[in-house]
Amino acid sequence: MTRLASASAALAYQRAWFTQLREATAGGEDFALVNADAPQEILRAMGIPYVVNQWWASIVTAKQVAGDSLEAVARSGYPDDSRQYDVLALGSRSLSADAAPWGGLPKPRFVIAELSGDATGKVFEAWTDDSETEFFPYERTAAVTPSGPWWELAPRRWEHVFGRERIELMAAENRLLIEFLEERTGRTFEPARLVEVMDLINEQEELNRQTRDLIAAARPTPVRVSDTIPAVMIPQWHRGSEWGRDAAGALRDEVAGLVSSGASVAQDERLRLMWVGRGLWGDTSVYRRFEDEFGAVFVWSMYLAIAADGYIRYGDDPIEALAARFVGITDLLYAPARAAVVRQGGQGSRRGRRGAPRRRRRPRCGLHHPGSGGGGGARAGDPRQQRGSADPRSGGGRGCDGALRVDPRVVGVRAVPAGGSEPARRPADGQRDGAAGGVTLLYLIKQVELAIRARLEAETRGVGLTVVQYTAMTVLERRPGLTSAELAKNSFVRAQSMATVTAELEERELISRRVDPAHHRHLLLSVTPAGLALLDRLRPAVDWIEEQMVSALSETDVERLRRTLQYCRFSLGGGWPH
């Protein structure tokens, strides 16, 4: 299969964006270089352009000038074998105009990073040898043991995962960064703008979560990590923008289409592998060679996994929510046992997320800490040695000297039987296939639907609406400008029935019609102010019905139920819920 359209679009966008950045900085605009573990959202909210250090390192490596950049670091008197991925941007300053990727990285006004170790601080302090560049450091706090499954708790119950004291410290540092930037740029920080940025990011990461789950459940594997990595990573560096959100949606839709069509990256898929650590930018064909020789497909990368589970944060205070996003990002990023590892299987596959997460032991070889220049489960070592250094054939390469070794004990390799499913399990006593206690899931879902409808009818009847009329109005409230046929499809009724429904609502002046300027034969429907007022009147009662329905469930159970229902609908060909 060819490269994903969403990946190609992301790469094209990034190149055009970087060209514009170079033009803006040439005209005197300030910009920041930010490490991936520091909050970029504050810069986004203040309109300060920035480049992420790790992204630029990937470009330096992909363009085969990592060796030259590290030699420049050594000539400056710094070690070239420590924090290599962090230091590549620093070394790239010395590249000639002809050799520098994409015209070269402009001189940053600010560098921002978390002090994840003594070496990290020295890497970014080195930028201040230019008197026009200032360094703002964030402290690195010690990890705490989460009181429950972090991937379920982190979006809303951050304190249970990261600890109150850690979050408060980073929130205070966020406020110091805001003061630092306001004093030096003359810009004003607007809290409401940060709220908008955080909302867009949560939308983007929810889309990434859907993509992750689609790939995990698909048999066979529909996409390569060499495609999903840029399609996820580049929009991640534009988190908080509408483009970043829309790019994540485009990837989700493209993957959903591939799953529906039965697309496969390997004709004879026998193994699924995890790529733990940064991408092998110098030679992405490595992933393909595993497919060709062994039917082994890399189905997981940290980029999609951390986007799906590591960034979503909901809360009333955007400064604290932002702190909760970054205070433990390194704890999660470099610990494969904490990642959303998916247990492989066919029909009825289960996500293997049971029990408390365990801290990863650092092995002698194979899994090298990404921050120290290593790679992942299939190790990407010294960037100077990446091209041509990996051989997937028996023996796995040269191990710790910068080549590639795959060890099933550390990379989470699991064999999938031919046909892609696990052995069937015998039903428990008193059960029959497809049923629990003699009641099928289809019957249970129908019972829930009827119970909801009875409650809704009792409420809508009081304002002179039917449940179908109420449903149609709520659909138009979320998606104004639908045609009658589109409204019928989204309200679960036939087009003929919807004609009667809309006529009655229009007669009561609860909805209105207007001619579609692009298609004059189409009439577009919207809820009127009177209709919106009626929906507001019903909202507390409808919210109460939903609260009653899930009153026996925890917040975690509710979110799990929501996602499960979404995938049930998708599996039956209903597409994604709007």
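The values are calculated or read from the model by the stated rules, or taken from the named source; none is laboratory data. None of these values were measured; they are calculated from a predicted model. No Cβ is skipped: glycine too gets one built from the backbone with ideal geometry, and neighbour counts run over all protein chains shown. For the accessible areas, the whole protein counts, side chains as well, though only heavy atoms, and no ligand, DNA or RNA atoms are used. Shrake-Rupley method; radii C 1.70, N 1.55, O 1.52, S 1.80 Å.
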Pseudo-spin-label distance Ala16 to Glu196, built 7 Å along Cα→Cβ, given in nm, is 2.1
Here the gain from full extension of Arg562 to Arg187, 0.36 nm per residue of separation minus their alpha-carbon distance, amounts to 130.9 nm
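Hey, what's the range 474-578 come to in accessible area per residue, 1.4 Å probe, Å²?
Details: 6820 Å² over 105 residues.
Accessible surface, normalised per residue, equals 65 Å².
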As straight-line cross-link partners of Lys122, the qualifying aspartates and glutamates (C-alpha separation under 19 Å, not fewer than 8 residues apart within one chain) are Asp37, Glu71, Asp80, Asp81, Asp86, Glu114, Asp130, Glu132, Glu134, Glu139
Sorted by chain and then number, the residues having a modelled amide H within less than 5 Å of the amide H of Val297, at least 5 places away or on another chain, are Arg270, Leu271, Arg272, Leu273
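Highest first, please rank the peptides 224-237, 177-190 by the mean number of other Cβ atoms sitting within 10 Å of their residues.
On the way: 224-237: 24.7, 177-190: 14.4.
Packing proxy ranking, top to bottom: 224-237, 177-190.
Suppose every K and R has +1 on its Cβ and every D and E has -1 on its Cβ; what is the size of the dipole of the range 102-163 about the Cα centre, in Debye to the nearest 20?
Working: 6 positive and 10 negative charges, 59 e Å.
Dipole of the range 102-163, to the nearest 20 debye: 280 debye.
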Expressed in nanometres to one decimal, the distance between label points 7 Å along Cα→Cβ at Arg479 and Glu504 is 2.2
A chain fully extended from Arg537 to Ala97 at 0.36 nm per residue, minus the present Cα-Cα distance, gains in nm 151.9 nm
Row for the range 4-78, column shape: gyration tensor on C-alpha, a ≥ b ≥ c, rounded if a/c < 1.5 i.e. under 1.5, prolate if a/b over b/c, else oblate; value oblate
Straight-line reach check, Lys446, cutoff 27 Å on alpha carbons, 8 or more apart in-chain or any other chain, hits among lysines -> Lys489
Here the net charge surrounding Leu487, from other residues whose Cβ is less than 13 Å away from its Cβ (Lys, Arg +1; Asp, Glu -1), is +2
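May I ask you to compute the full-extension gain from His520 to Glu139, defined as 0.36 nm times their residue separation minus their alpha-carbon distance, rounded to one decimal in nm? Mind dumping the intermediate values first?
On the way: separation 381, 0.36 × 381 = 137.16 nm, distance 6.01 nm.
Stretched out fully, the His520 to Glu139 stretch lengthens by 131.1 nm.
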For the range 11-125, the accessible surface attributable to carbon and sulfur atoms (probe 1.4 angstrom, ligands and nucleic acids excluded) amounts in percent to 46
The range 199-239 scanned against label point 7 Å out from Ser571 along Cα→C-beta; backbone N under 18 Å for 210-222
Residues meeting the amide H criterion for Ser526 (H placed from the backbone, H to H distance under 5 Å, 5 or more places apart or on another chain) are Gly481, Ser512
Farthest towards the positive end of the dipole of the range 9-141, among Trp17, Val65, Ala99 and with Cβ unit charges of +1 on Lys and Arg and -1 on Asp and Glu, lies the Cα of Trp17
Taking r as the C-beta separation of Asp253 and Ala172 and R0 as 51 Å, the FRET efficiency to the nearest 0.05 is 0.80
The lysines whose Cα lies under 24 Å from the Cα of Lys63, excluding any fewer than 8 residues away in the same chain, are Lys107
With the label point 7 Å along the Cα-to-beta-carbon line of Thr466 and a cut-off under 17 Å to each amide N, the hits in the range 482-499 are 484-485, 487-499
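Could you tell me which of rounded, prolate or oblate describes the range 219-298, using a ≥ b ≥ c as the square roots of the eigenvalues of the alpha-carbon gyration tensor, with rounded for a/c under 1.5 and, failing that, prolate when a/b is larger than b/c and oblate otherwise?
Here the range 219-298 falls in the oblate category.
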Quick note, the range 20-137: a/c under 1.5 would make it rounded; otherwise a/b > b/c is prolate and the rest oblate (a ≥ b ≥ c, C-alpha gyration tensor); here it is oblate
Quick calc, Arg513 & Glu165: beta-carbon distance into FRET formula, R0 56 Å, rounding 0.05, result 0.45
In the neighbourhood of Glu29 defined by beta carbon distances under 10 Å, the net charge of the other residues (Lys, Arg +1; Asp, Glu -1) is -1
The answer for Val144, listing residues at least 5 apart or on another chain whose modeled amide H is closer than 5 Å to its amide H, is none
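On a 1.4 Å probe surface of the protein chains, which of Lys489, Lys63 comes out largest in accessible area, and what is the full order?
Working: Lys489 165, Lys63 100 Å².
The ranking, largest first, comes out as Lys489, Lys63.
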Ser8 and Arg453 label points (each 7 Å along its Cα→Cβ direction) are spaced in nm at 4.7
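So how do 530-540, 211-221 stack up, highest first, on mean other-Cβ count within 10 Å? Mind dumping the intermediate values first?
Numbers: 530-540: 14.1, 211-221: 20.8.
The packing order, highest mean first, is 211-221, 530-540.
If packing is taken as the average number of other Cβ atoms within 10 Å across a peptide's residues, how do 542-553, 258-269, 151-162, 83-94 rank, most packed first?
Details: 542-553: 11.7, 258-269: 15.5, 151-162: 21.0, 83-94: 23.4.
Highest-to-lowest ranking by the protection proxy: 83-94, 151-162, 258-269, 542-553.
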